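Everything on this sheet refers to the single structure shown next.
The values are calculated or read from the model by the stated rules, or taken from the named source; none is laboratory data. Predicted model only: the values in this text are computed from it and were never measured. Neighbour counts are summed over all protein chains in view; Cβ atoms, including those assigned to glycine, are modelled from backbone coordinates with ideal geometry.
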Amino acid sequence: MAELTDKEVILKIKNGEIDFFSLLVERYTRIIFAYVRGKISAQEDAEDLVQNTFINFYKAIDRFDISRKVLPYLYEIAKNEMRMFFRAKKKTVSLDENIGVGASETSLATETQMEDVLQYLSEREKNTLKLLQEGYSYEEISEKMGLRLNTIRTVIRRARLKLNKLDNYG
Amino acid sequence: MDNLQKKILKKVYKYETLKTLGYLLTRALAVILLFLGMIFLLQAIIQYYLASQTLDLLQLFTEDFDTIRQYFWDTLYIIYIESPKFRLTILGIIIFLFLILILTIVKNFVKIKRKVSLLIKFWIK
C-alpha cells in the first residue's frame, strides 16, 4: 500500500476506495502543517486550516486532474484557506480597514502603540474608534452615541487623519 | 501530528458519509417516485383504452393473415387517433428517466458498495 504513487492513490479514491485517502493525509499533513504554521502562529488555527485544506482537497478529488501533482495543489488550497482566514480576521478588527484615508497596513500595529496615540484624540474620537475596534458598525455606533451617521463618519475620518499624521511623523 | 491526521480523516469520513447517504436517499426516492408514477400512468392509460374499447381492435390479430395485412395500418391509425397522447408522452419521459437512473445506479453500484462498506468499517471500528 505504501509504495503506491499519488496518481494511483487518487485513482483508487476516485473508484470508491476512500480508505486510501489516509495515505495522502499521512504523506502531506506534516508538510502542509509546517507551511501553514509558518504564516499562522496559533496552533489551533493552523490545525483548523490544515483540516480544511484536506477536506477541500477531498471534495475536489472527483474533478482532480491526475496529471497534476498533489502537493502544489494542496499548497494552493492552503493558500486560499489562509487568505480567507486573514480576511475573516480582518473583518473583526475594523481599525485595520483603510476607509478612505489609505493608511498603511503596517501602521499602528500593536495595541500599546494604539493607546499611546489615542491620547492625541478628542474624547468623542476616542470613544468612536474604541467602538469601531470592538467591531461595531457605523450605524450601531451612531445609535449608541446618539449621533447622526454622517457625524460618526466625519469623526472617524478626522480621527484617522490625525492618527495617520502621527504615524507619518512619529 | 497523528492526532491531526485522525481529525482530518474523521472529518473526511463524516463528509463522505453524509454525501453517500444523500446519494442513496435521493436515488432511492427518485426510483420509488418514478416507479409509482409509471404504475399510476400505466393504469390510467389501460383504463382509458378499456373504457374506449380501443383494445378490441387488437382482435384483428386473431384473424387470418390476409385480413391482418389488409387492415393493419388502418387499425394502427385508429389506435393512434384514440390514444391519450399526453399521458403516453409523460409515460415515455418517465420510463426514459427511470432507465437512465437505473443505468447510472448499476454503473456506480460497485463504487458505492465499496464506499458504504468502508464507511461502515470506519465508523464501527
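Here are A:R83, A:R30: which of them is surrounded by fewer than 16 Cβ atoms within 10 Å (Cβ to Cβ), part of a helix (DSSP H, G or I), modelled with pLDDT of 90 or more and facing chain B (nearest Cβ under 10 Å)? Before the answer, list the steps.
Numbers: A:R83 fails: facing chain B (nearest Cβ under 10 Å).
Among A:R83, A:R30, only A:R30 is surrounded by fewer than 16 Cβ atoms within 10 Å (Cβ to Cβ), part of a helix (DSSP H, G or I), modelled with pLDDT of 90 or more and facing chain B (nearest Cβ under 10 Å).
Yes or no, residue by residue, for (1) farther than 30 Å from B:W123 by Cβ; (2) charged (D, E, K, R); (3) exposed (fewer than 13 other Cβ atoms within 10 Å of the Cβ):
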residue	(1), (2), (3)
B:T26	no, no, yes
B:L29	no, no, yes
B:L41	yes, no, no
B:Q47	yes, no, yes
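So which residues in the range B:24-74 are polar (S, T, N, Q) and assigned to a helix (DSSP H, G or I), if there are any at all? It would help to see each step written out before you state the result.
At the first step, the residues of the range B:24-74 found to be polar (S, T, N, Q) are B:26, B:43, B:47, B:52-54, B:59, B:62, B:67, B:70.
If the condition is that a residue be polar (S, T, N, Q) and assigned to a helix (DSSP H, G or I), then B:T26, B:Q43, B:Q47, B:T54, B:Q59, B:T62, B:T67, B:Q70 are the ones that fit.
Just name the residue that is surrounded by the fewest Cβ atoms within 10 Å (Cβ to Cβ) out of those in the range A:1-27 that are of a type in the set (V, I, T) and facing another protein chain (nearest Cβ under 9 Å).
Quick first cut of the range A:1-27, residues of a type in the set (V, I, T) only: A:5, A:9-10, A:13, A:18, A:25.
Checking the rest, the ones that are also facing another protein chain (nearest Cβ under 9 Å) come to A:18, A:25.
Values: A:I18: 23, A:V25: 21.
Restricting to residues being of a type in the set (V, I, T) and facing another protein chain (nearest Cβ under 9 Å), the top hit is A:V25.
Could you figure out which of (1) buried (at least 18 other Cβ atoms within 10 Å of the Cβ); (2) more than 7 Å from chain B (Cβ to nearest Cβ) isn't true of A:D65?
All conditions are met except number (1).
Condition check: within 13 Å of A:S22 (Cα to Cα) and part of a helix (DSSP H, G or I). Does B:K19 satisfy that?
On the way: within 13 Å of A:S22 (Cα to Cα): no; part of a helix (DSSP H, G or I): yes.
No; evaluated as a whole, the condition is false for this residue.
If you scan the range B:101-116, which residues turn out to be touching a Gly at 6+ places or on another chain (Cβ under 8 Å) and away from chain A (no Cβ under 14 Å)?
Across the range B:101-116, there are no qualifying residues.
Of the residues that make up the range B:2-11, is at least one at pLDDT below 85 and either away from chain A (no Cβ under 14 Å) or exposed (fewer than 12 other Cβ atoms within 10 Å of the Cβ) (or both)? Before the answer, list the steps.
Keep residues of the range B:2-11 that are at pLDDT below 85, which gives B:2.
Those left that are additionally either away from chain A (no Cβ under 14 Å) or exposed (fewer than 12 other Cβ atoms within 10 Å of the Cβ) (or both): B:2.
Checked against the condition, which is being at pLDDT below 85 and either away from chain A (no Cβ under 14 Å) or exposed (fewer than 12 other Cβ atoms within 10 Å of the Cβ) (or both), the range B:2-11 yields at least one hit.
Between B:L119, B:L91, which is farther than 30 Å from B:L57 by Cβ and either within 14 Å of chain A (Cβ to nearest Cβ) or assigned to a helix (DSSP H, G or I) (or both)? Break it down stepwise before answering.
Details: B:L91 fails: farther than 30 Å from B:L57 by Cβ.
Step by step, each of B:L119, B:L91 is checked, and only B:L119 is farther than 30 Å from B:L57 by Cβ and either within 14 Å of chain A (Cβ to nearest Cβ) or assigned to a helix (DSSP H, G or I) (or both).
Of everything in the range A:33-58, what is in contact (Cβ under 8 Å) with a residue 12 or more places away in the chain and within 7 Å of another protein chain (Cβ to nearest Cβ)? Give them in sequence order.
Taking the range A:33-58 as the starting set, the residues that turn out to be in contact (Cβ under 8 Å) with a residue 12 or more places away in the chain are A:33, A:35-36, A:39-40, A:45-47, A:49-50, A:52-54, A:56-58.
Selection gives A:F33, A:E47, A:V50, A:F54, A:Y58.
On the given criteria, is B:F109 within 30 Å of A:D19 (Cβ to Cβ) and in a helix (DSSP H, G or I)? Give the steps one after another, and end with the answer.
Numbers: within 30 Å of A:D19 (Cβ to Cβ): yes; in a helix (DSSP H, G or I): yes.
In short, yes.
Which members of the range A:48-85 meet the condition of being touching a Leu at 6+ places or on another chain (Cβ under 7 Å) and either among the hydroxyl-bearing types (S, T, Y) or over 16 Å from B:K14 (Cβ atoms) (or both)? First the steps, then the outcome.
As a first pass, look at the range A:48-85 and keep what is touching a Leu at 6+ places or on another chain (Cβ under 7 Å): A:50, A:53, A:57, A:66, A:70, A:78, A:81-82, A:85.
A:V50, A:T53, A:I66, A:V70, A:A78, A:E81, A:M82, A:F85, listed by residue number.
Can B:Y23 be described as in contact (Cβ under 8 Å) with a residue 24 or more places away in the chain and either within 14 Å of chain A (Cβ to nearest Cβ) or not hydrophobic (A, V, I, L, M, F, W, C) (or both)?
Working: in contact (Cβ under 8 Å) with a residue 24 or more places away in the chain: yes; either within 14 Å of chain A (Cβ to nearest Cβ) or not hydrophobic (A, V, I, L, M, F, W, C) (or both): yes.
Against the criterion (in contact (Cβ under 8 Å) with a residue 24 or more places away in the chain and either within 14 Å of chain A (Cβ to nearest Cβ) or not hydrophobic (A, V, I, L, M, F, W, C) (or both)), B:Y23 qualifies.
Taking the conditions exactly as written (in contact (Cβ under 8 Å) with a residue 24 or more places away in the chain, part of a helix (DSSP H, G or I) and away from chain A (no Cβ under 14 Å)), does B:F98 satisfy them or not?
Yes.
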